[in-house]
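The values are calculated or read from the model by the stated rules, or taken from the named source; none is laboratory data. These figures come from a predicted structure and were not determined experimentally. Cβ coordinates were reconstructed from backbone atoms using ideal geometry, including for glycine residues, and neighbour counts include every protein chain displayed. When the accessible area is computed, the model is the full protein with side chains, heavy atoms only, and any ligands, DNA or RNA have been set aside. Shrake-Rupley method; radii C 1.70, N 1.55, O 1.52, S 1.80 Å.
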Amino acid sequence: MLRSSLLQNNIQMIVGDAPIEADVFYCTLLDVLKRKVVYKNLKPIPNELISQYLRASVAMPLYNRAVRIENTLYFDGAMADNIPVFPLMKHRLDYLICIYFDDVSYRFEDEYFDNKIIKITYPSQTVLSQSLFFRKEGIKKMIDDGYIRTNRILRHVISDSWENVSGIYQRIESAESEKEKTIRVTGDVLVTNLNRIANKIAARKIEL
């Protein structure tokens, strides 16, 4: 599926001509030449370029070519940052819902910011096999499991009101105190990983 062009060719159909209604809408990209992660806010981007940035955001080395946009080559930024909340730290948010598909409760670099994140994890041991094999019953089970788990977590954390921010912070702290936390990848590790990726790309002479 990664090697096929099915996903990238259908992005334009998914995007359509409708403008982005959110105040900000980031996608995470890897700038191949500068070897750095780029958090691109698509809100001000012309509609005809949005599909190109989204194509780049799912372009995986070894499987896809890098996507060239305005003389810059991009790959999927998830190789370096798979939980791309960093650009949101500069916005004044009351809280953030972060969904990721393992059972690790990552601790983010900024403790104040970390306590604003409602973390929804999926500890299913079969999530990988479910994600790789697209059977109708498997997809339905993932949707149902996701709904049940998300509903349970949100009902607990936001038990009285979306607007009771202090109460939400307390329940986030309480929920997270019961979990074993793993430190999120920080800047120095990020740079090291980017250099490793660049070296692999060069060694394999991947066509960009």
Hits in segment 102-126 (condition: of a type in the set (A, V, I, L, M, F, W, C) and at pLDDT below 80): VAL104, PHE108
Selection count, segment 162-202, where residues are outside any helix (DSSP H, G or I) and either modelled with pLDDT under 60 or closer than 23 Å to VAL104 by Cβ (or both): 9
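Where residues in segment 128-161 are part of a loop (DSSP other than H, G, I, E, B) and modelled with pLDDT under 85, which of them is nearest to ASP94 (Cα to Cα)?
Taking segment 128-161 and keeping what is part of a loop (DSSP other than H, G, I, E, B), we get 133-135, 158-161.
When the remaining residues are screened for being modelled with pLDDT under 85, the result is 133-135, 159-161.
On the way: PHE133: 38, PHE134: 37, ARG135: 38, SER159: 16, ASP160: 16, SER161: 13 Å.
In this case the residue turns out to be SER161.
For every residue, the table says whether it meets (1) part of a strand (DSSP E or B); (2) open to solvent by 10 Å² or more (accessible area, probe 1.4 Å); (3) in contact (Cβ under 8 Å) with a residue 40 or more places away in the chain; (4) not polar (S, T, N, Q).
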residue	(1), (2), (3), (4)
ARG65	no, yes, yes, yes
PHE75	yes, no, yes, yes
ALA78	no, yes, yes, yes
ASP94	no, yes, yes, yes
TYR106	yes, yes, yes, yes
PHE113	no, yes, no, yes
Test: residue in segment 11-33 that is loosely packed, with under 15 Cβ neighbours inside 10 Å and part of a strand (DSSP E or B): no
